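Down below is the structure, laid out as structure tokens.
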Amino acid sequence: MRGFVLGVLVTVAAALTGAYFFVTSGALPAGQDVKPGKLERWVAKTALRASIGRQTTGLTDPLPPTDDSVAAGIPLYIAHCQICHGGPDGAASVIAKGLTPDPPQLAKHGVEDDPEATTHWKITHGIRFTGMPAWGNGTAEGAAESWELVHFIRHLPRLTPQEIAAMEPLNPVSPAELQERREEQEFLQGGAAGAATSSPHPH
């Protein structure tokens, strides 16, 4: 019996030592451009499911899902989520393509089937070792905004053309687009000024 226990202890010690040297030697990939292995994915997903399950027990949505609550989530989504999770077209951005694991493009890979509390938890707390940040700030206002985001995200795959059009003015403008708009505005103003200058004066 003593030999068996000693053998188990030696095996555990050897495994821990091997794991220590594997990690500290730099052999464990840490870059975003390397897909995680099966063991890493299993540990991460299992821990995430268990943590969410424990921390969302009894969590319910205090806001009724209305057109107003969905609309309130639009600017929040564009400001905080769209760069990684995509717009109505479901196309991944350059940033999204560089993240591991791949962030779901919510217009195509929606979370409308997930419990509302699960989506709220992910928005509030983020997900460790991914590109998902924690947006919660510990205030009642912040919690309400997270629920508004939940409502919009669940509605995102079913946006109407009118809702998509309403989102367009809220989208961020790149420096190149901003410069183009300025030049166009200056051209139009210059044209108007030139027309006023060249108009004949009454005698």
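Since every read-out is calculated from the coordinates, none of them should be taken as a lab result. All values reported here derive from a predicted model rather than from experimental measurement. Neighbour counts are summed over all protein chains in view; Cβ atoms, including those assigned to glycine, are modelled from backbone coordinates with ideal geometry.
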Next on the checklist: Using each residue's phi in region 8-13, evaluate 6.51 cos²θ - 1.76 cosθ + 1.60 at θ = phi - 60° and report the 3J(HN,Hα) Karplus result to the nearest Hz, with x for Gly and Pro.
Outcome noted: 5, 5, 5, 4, 5, 5
Item to check | Relative contact order (%) - criterion: Cα under 8 Å, at least six apart; region: the chain | outcome: 21 percent
Checklist outcome for this item: Scalar couplings 3J(HN,Hα) for region 75-81 by Karplus 6.51 cos²θ - 1.76 cosθ + 1.60 (θ = phi - 60°), nearest whole Hz, x for Gly and Pro, are x, 5, 5, 4, 6, 10, 10
Item to check | Computed over region 44-122: relative contact order in percent, which uses C-alpha pairs under 8 Å that are six or more apart | outcome: 30 percent
Checklist outcome for this item: With DSSP loop assignment and no more than 16 other C-beta atoms within 10 Å, the chymotrypsin sites (Phe, Trp or Tyr not before Pro) in region 77-167 are F129
Checklist outcome for this item: Restricting to lysines and to Cα separations under 21 Å from K108, and discarding same-chain partners fewer than 8 apart, the set is K97, K122
Item to check | Fewest-first sequence of T60, T119 by Cβ atoms within 10 Å of each Cβ | outcome: T60, T119
Item to check | Shape of region 73-169, Cα gyration tensor, a/c cut at 1.5 | outcome: oblate
Checklist outcome for this item: Taking Cα atoms, the helix 175-198 axis meets the longest principal axis of the chain at an angle in degrees (rounded to 10) of 0 degrees
Checklist entry - Using Cα pairs under 8 angstrom and six or more residues apart, how large is the relative contact order of region 73-169, in percent? => result 32 percent
Item to check | Qualifying GluC sites (Glu not before Pro) for region 33-129 [loop in DSSP, other Cβ within 10 Å: at most 14] | outcome: E112
Checklist outcome for this item: Using the Kirkwood formula on alpha carbons, the hydrodynamic radius of the chain in angstrom works out to 21.4 Å
